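This report concerns only the one structure given below.
The values are calculated or read from the model by the stated rules, or taken from the named source; none is laboratory data. From a predicted model like this one, the values you see are computed outputs, not experimental measurements. Ideal geometry is used to build each Cβ from the backbone, glycine not excepted, and the neighbour counts take in all protein chains shown.
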Amino acid sequence: MGLFSFFRRKKKPPPGGPGLKEIFQGFQQVLVANNESLAIMGQLEEKLPDGNGVDWQFLRSRIDALDRHLSDLVAGLQRMSGGVWEELEKARIRIKENLRLRLEEARGLEAGENPQLRPSLTPEKLRNVVDLVLPLTLVDRRSQNFRPENCCSYRDITRFAHERAIQGMFGLMDGVEEGRYPALRLLKLDTPLPLNLHLMDLGGGLATHETPVPPASIISRPMRALWRGISHPGISWAGPVPVSVGGFLHVLAQTAIRPPERFWDKTYAIVAANYVNYSCRLGFHFATVDSFCGPVADDNFINFAFKGGAADELRRIRRATLIATVLERLGFELEVFKDVVRARFRKRSASEIEERLDLLGRLMAYVRQMDMLMSDDSKIYLLAERFLSGHYERPGEEETQGEK
């Protein structure tokens, strides 16, 4: 059954909230607009270091296109949330107006009355414009400052909308589990791995809808590739990793002051024939993979985010640097801020997307609890090189595996 056929079935919305059709279609709208927005921001970032290729017409056209996608992004979030984020649209309009003023200032009077003359953009004028587009200031979703009115750039708009959309889908999954959406089913994956993974098929993602679902029944192209990496025989999910005394003591302290949230042991995957949104909360960290993998390279993408950990901030930052080091070597575009990693891999062939998803699945398993091992900076590059060379044993595991 296809996605549109699924939506045609009548479903009763929960009292006071959007129906399933609005949630799903709004979520898809957010994902498409977010990916298009990130692609345009990537184009701007590629040209910014030396300013080559950044003229008035290029900048104007890219920002106009970006604003159209952001309008769709906010509209999608409003649709799936029942219109609770009006402040985000106000923030978008505020930033758009500030951009208009700065663009006019950057254009200046250099072109005069002659439309054939192209105004030049000095580095200072260019920076004044892109400072409203590219910087990310809304980083920590748990901060009290993570609010739409605090968005200072277009990238903040994308960050906020995407985070709230994912949160909305987590809420939907919890509603399905609680029986509030009888038309939907969460299907538990049949796996010996210590992952409480539940799947929801939007159409063409699974060969069976009987729970538990065997991994062989995953027919979603990107989910199949991701699971291949997660379940790689050389990767260990079971048991604790070796830890330093300092790292272990900090974990005990964190556990005492930060009670576990009920969704930390849940992992959800929304799947379709060419799409997956995989969201995993384990312990004190969160990872999400959003990917489309089809026959047209320009449509394909992987968006990845990783945040958190139970160790102290320095160890969490080292683990984030380890993740970023590996992903950079694999060709991902990166944003890193403290213990937050956001990465993109876009416009590649399906085979390349599948290969990176496989490696991403391995990496997520490899870095499990790794923050407790990161006692000094040398561990970052040692572990990155080991992973990239296919040696997935972590320090202290080599002897154990050699005894088997």
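With the structure loaded, tell me whether E177 is in contact with an Asp or Glu (Cβ under 6 Å, 6 or more places away or on another chain) and acidic (D, E) or whether it fails that test. No, not satisfied. Taking (1) at pLDDT below 90; (2) assigned to a helix (DSSP H, G or I); (3) hydroxyl-bearing (S, T, Y) in turn, T325 satisfies each apart from (1). The residues of segment 350-369 that are more than 16 Å from M223 (Cα to Cα) and surrounded by fewer than 22 Cβ atoms within 10 Å (Cβ to Cβ) amount to a single one, R368. Of the residues making up segment 59-75, none is closer than 20 Å to M169 by Cα, part of a helix (DSSP H, G or I), free of Cβ contacts under 8 Å to residues at least 24 places away in the same chain and assigned by TED's automatic domain parsing to the domain that holds R147. Test V30 against the criterion of being at pLDDT below 95, closer than 26 Å to L138 by Cα and not in a helix (DSSP H, G or I), and give yes or no. When the stated conditions are applied, V30 does not pass them. Scanning segment 177-203 for residues that are in contact with a His (Cβ under 9 Å, 6 or more places away or on another chain) and modelled with pLDDT of 75 or more turns up R185, L186, L187, K188, L189, D201.
For segment 154-177, what are the residues that are among the small types (G, A, S) and within 19 Å of A343 (Cβ to Cβ)? Spell out the reasoning first.
Initially, segment 154-177 is screened for residues among the small types (G, A, S), giving 161, 165, 168, 171, 175.
Once the filter is applied, which keeps residues that are among the small types (G, A, S) and within 19 Å of A343 (Cβ to Cβ), segment 154-177 yields A161, A165.
Among the residues in segment 127-145, are any modelled with pLDDT under 90, surrounded by 21 or more Cβ atoms within 10 Å (Cβ to Cβ), out of contact with any Ser or Thr (no Cβ under 7 Å at 6 or more places or on another chain) and not in a helix (DSSP H, G or I)? The answer is yes; a qualifying residue exists. So is A343 part of a strand (DSSP E or B) and either touching a Pro at 6+ places or on another chain (Cβ under 9 Å) or among the small types (G, A, S) (or both) or not? For A343, the condition - part of a strand (DSSP E or B) and either touching a Pro at 6+ places or on another chain (Cβ under 9 Å) or among the small types (G, A, S) (or both) - is met.
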